[in-house]
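The values are calculated or read from the model by the stated rules, or taken from the named source; none is laboratory data. Note that the structure is predicted; figures quoted are calculated from it, not measured. When we count neighbours, we look across all protein chains shown, and the Cβ atoms used for this are built from the backbone with ideal geometry, even at glycine.
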Amino acid sequence: MTAKTVKSTTETKTAEAKVATTALDSATNASKALTGLFNAYFTSGRKAIEGIIEVDKALLGYAKEAVTGYVELSKDTVQAKCLNDVLDLHAAHAHSRIEATAANAREVVELTKDKAKEAYAPVKEVIDTYRPGKAA
């Protein structure tokens, strides 16, 4: 073999090694990206379920308050001395229920938004690392 052939063979082997290293790095990076994305999906799913449970608990608490209020209204209605007192009791109760329902609805909307953001955060974090201009 001549020196030129040895040099050409060495350059070819070096180029092949670089290509193999680049391919291995790409495969490793892709594997890490997929693992990160799957982990983010599972974390998001778990957080979404936890959020749903928390919202449901809040709704059940509001329902319990409403039922308790109706039980009290029933007791007061039975003990009322005249029809005028019954009407006043029911009007006052209806007014308080409307206000409570509006306040509860606002709380549930805020709680739902917060829990949805918490659930989406892990996926957003992974996605943001691959957006142009956001990559580290």
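Would you tally the residues in segment 69-118 being of a type in the set (A, V, I, L, M, F, W, C) and either in contact (Cβ under 8 Å) with a residue 24 or more places away in the chain or in contact with a helix residue (DSSP H, G or I) (Cβ under 6 Å, 6 or more places away or on another chain) (or both)? Don't jump to the end; show me each part of the working.
Here is the first cut: in segment 69-118, the ones of a type in the set (A, V, I, L, M, F, W, C) are 71, 73, 78, 80, 82-83, 86-87, 89, 91-92, 94, 98, 100, 102-103, 105, 108-109, 111, 116.
Then keep just the ones that are either in contact (Cβ under 8 Å) with a residue 24 or more places away in the chain or in contact with a helix residue (DSSP H, G or I) (Cβ under 6 Å, 6 or more places away or on another chain) (or both); that gives 73, 80, 86, 89, 100, 108, 111, 116.
Residues flagged as of a type in the set (A, V, I, L, M, F, W, C) and either in contact (Cβ under 8 Å) with a residue 24 or more places away in the chain or in contact with a helix residue (DSSP H, G or I) (Cβ under 6 Å, 6 or more places away or on another chain) (or both) within segment 69-118 amount to 8.
Has segment 110-125 got any residue that is part of a helix (DSSP H, G or I), touching an Asp or Glu at 6+ places or on another chain (Cβ under 9 Å) and basic (Lys, Arg)? Talk me through it step by step, then tell me what you get.
As a first pass, look at segment 110-125 and keep what is part of a helix (DSSP H, G or I): 110-125.
With the extra rule that they be touching an Asp or Glu at 6+ places or on another chain (Cβ under 9 Å), the set shrinks to 111, 115, 118-119.
Okay, now just the ones that are also basic (Lys, Arg), so 115.
Looking through segment 110-125, at least one residue is part of a helix (DSSP H, G or I), touching an Asp or Glu at 6+ places or on another chain (Cβ under 9 Å) and basic (Lys, Arg).
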Practice task
Report yes if some residue within segment 75-89 is hydroxyl-bearing (Ser, Thr, Tyr), within 43 Å of the chain's Cα centre (by Cα) and surrounded by 12 or more Cβ atoms within 10 Å (Cβ to Cβ); otherwise report no.
Solution key: no
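Yes/no per residue for (1) at pLDDT 70 or above; (2) closer than 25 Å to VAL126 by Cα; (3) of a type outside the set (D, E, K, R):
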{"position": "LEU24", "(1), (2), (3)": "no, yes, yes"}
{"position": "PHE42", "(1), (2), (3)": "yes, yes, yes"}
{"position": "GLU50", "(1), (2), (3)": "yes, yes, no"}
{"position": "GLY61", "(1), (2), (3)": "yes, no, yes"}
{"position": "THR68", "(1), (2), (3)": "yes, no, yes"}
Problem - GLU110, sole failed condition from (1) surrounded by 13 or more Cβ atoms within 10 Å (Cβ to Cβ); (2) modelled with pLDDT of 95 or more; (3) under 28 Å from ILE127 (Cα atoms) - result: (1)
